[in-house]
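Heads up: the structure comes next, in structure tokens.
The values are calculated or read from the model by the stated rules, or taken from the named source; none is laboratory data. Everything numeric in this text was worked out from a predicted model, so none of it was measured. When we count neighbours, we look across all protein chains shown, and the Cβ atoms used for this are built from the backbone with ideal geometry, even at glycine. The accessibility values were calculated without ligands, DNA or RNA, using every heavy atom of the protein model including side chains. Shrake-Rupley method; radii C 1.70, N 1.55, O 1.52, S 1.80 Å.
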Amino acid sequence: MMARNRPAPARHPVAGWFVWAMGLVACVILLIAVVALTTGPIRYWAEELAPPATGSLSDNVITAAICGGMIAGVGATVLVLTRIVRSIGLRLRTWRAEQTLARDPRPPVLYLRSFQDDERMLSASESFEQSLTSVLSDIGPVIAVGRPGERLPPQGGARLYVNDESWKTTVCDLMSRSALTILRAGTSGGVLWELTRVVELVPPTRLVIAVPPMARARDAETWKRFCVLASEVMPHPLPARLDGATFVTFDSDWNPAVVPLPKKFNPLSARAGVRSLLRPFCERNGFTLRRRSLSDIPVELLLVFALTAQAGSLALMPSGLHWRELSASEGVTISMPGKFYEKTATTDLLPGVQAHTHEYGVLKRDRSLEFSLNVTDYTNLDVSRDPESLLQGARDGVVQHVKGKLLAESAVQIGPYAGREWQIDVPERQTLVRARMFVGGPGRTVLLFVAMPANGSEAQAGRQFLDSFRPR
């Protein structure tokens, strides 16, 4: 581990607290905004991306799944960006090793590693060193030699900055008086020199060799090369296979043993995982670790759970009405309260007489809210000859179809389109149906249909739908 004669990074505690606080406040505000937007723009675009509704609970489940993906994407971006800001704040106010040792009289915990391992992450939210420092601070202040020339110290152990002439002497001094030494497996010259000195100066029961999971994934041969190099200085060879273990410990005769995964292991918290792995070793050697700590629960994990719960709750929430204008190819416009489906059908009425129907519809809330526009064009049939008979027949057909009771009927006209409006009570479904049918010329009829809860909670939406119809 070579060091150069470069100045140590300066501490800026006030600026650090300010940057950290701003990052935290921004994180909270942005996540609140994400949740607030769930029933607005996010729900709207989720509805746009989802297939047209069928009126069943699966509609909300699909929408919730899409919302969840969008919330996860936006939320993850917020967490990553604000974590970077908070991390900078923490690094600006990090205590130097000299200050930490002056404030904490306990023997230190020495963390030895290659500088290139400083940035490797153990989880999505923190590095291996951060997890290790959080757990081992129960034993003593965690100290590491700082990388020469770095502008800010990384999060984790307190950094000790030394020059070329004194770094080896300083490290040896720390080894001789540390309560525990953690050496991260590596193949650099500095790590191998440190391993040689550890064997000379550190009691075997006070040494732990660490092989973080991310290091194994990225450097598959690191451990094998380390074992070969370590065999030249260690009394006994290291285990050739780790089988997923993260730590290797030693008995008083330098016999190595891998630390197996415990039966109860928390994969969601890197700190809790490190704590559970090291607790048996610490108890055997007279060190005390807390059973658990609030700091073991990542704030990001709690926020992810909250956002996931918010997305999942959409499956139980009635979807909002997001109005959009439909300009049908048949020359009519209307406002539809959601993403609509389209269906076409052709019916033979008489020899040579056909009805071509184009239906646009929206189903919401388990069919308790239903909107549809039906434009029917007839071939070889003039429906304007006897519109009264046509409208009466259509009225009776609609009443029979919904199995309801006619409450009211009135005449309506919009431009050249004349027709009737019917209000129909459907007690079986506790629904009120309002329908308008227009005769739009010799060969066209238009039917507007809306079914709403009978309690009148959606009466305004029904009126908005019906009144928005316009021929072009």
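Key figures
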read-out	value
Single match in 184, 106 (criterion: open to solvent by 20 Å² or more (accessible area, probe 1.4 Å), touching a residue at least 40 places away in the same chain (Cβ under 8 Å) and over 25 Å from residue 24 (Cβ atoms))	106
Residue ranges of strands (runs of 3 or more DSSP E) in the range 316-418 with at least 1 members touching a Leu at 6+ places or on another chain (Cβ under 9 Å) and over 30 Å from residue 44 (Cα atoms)	341-350, 353-364, 369-379, 405-414
Single unsatisfied condition, residue 149 versus (1) on the phi < 0 side of the Ramachandran plot; (2) touching a residue at least 12 places away in the same chain (Cβ under 8 Å)	(1)
When residues of the range 232-243 are limited to those that are free of Cβ contacts under 8 Å to residues at least 24 places away in the same chain and under 19 Å from residue 281 (Cβ atoms), the one most open to solvent (accessible area, probe 1.4 Å)	243
From the options 385, 395, 434, residue that is out of contact with any Phe, Trp or Tyr (no Cβ under 6 Å at 6 or more places or on another chain), of a type in the set (Lys, Arg) and closer than 23 Å to residue 468 by Cα	434
Qualifying residue in the range 173-184 (condition: β-branched (Val, Ile, Thr), closer than 20 Å to residue 139 by Cα and modelled with pLDDT of 90 or more)	yes
Boolean, residue 381 is hydrophobic (A, V, I, L, M, F, W, C) and open to solvent by 50 Å² or more (accessible area, probe 1.4 Å)	yes
Count of residues meeting criterion [within 24 Å of residue 340 (Cα to Cα) and modelled with pLDDT under 95] in the range 408-425	2
Index of the failed condition, residue 139 passing every other in (1) outside any loop (DSSP other than H, G, I, E, B); (2) among the hydrophobic types (A, V, I, L, M, F, W, C); (3) under 23 Å from residue 250 (Cβ atoms)	(1)
Matching option when the condition is part of a helix (DSSP H, G or I), of a type outside the set (Lys, Arg) and closer than 16 Å to residue 408 by Cβ, among 432, 466	466
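Yes or no, residue by residue, for (1) within 18 Å of residue 334 (Cα to Cα); (2) out of contact with any Lys or Arg (no Cβ under 8 Å at 6 or more places or on another chain); (3) free of Cβ contacts under 8 Å to residues at least 40 places away in the same chain:
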position: 404; (1), (2), (3): no, yes, yes
position: 424; (1), (2), (3): no, no, yes
position: 431; (1), (2), (3): no, yes, no
position: 438; (1), (2), (3): yes, yes, yes
position: 447; (1), (2), (3): yes, no, no
position: 457; (1), (2), (3): no, yes, yes
position: 471; (1), (2), (3): yes, yes, no
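So that you can scan it fast, the table gives a plain yes or no per residue for (1) at positive phi; (2) at pLDDT 85 or above; (3) among the aliphatic types (A, V, I, L, M):
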position: 63; (1), (2), (3): no, no, no
position: 76; (1), (2), (3): no, no, yes
position: 84; (1), (2), (3): no, no, yes
position: 90; (1), (2), (3): no, no, yes
position: 111; (1), (2), (3): no, yes, no
position: 117; (1), (2), (3): no, no, no
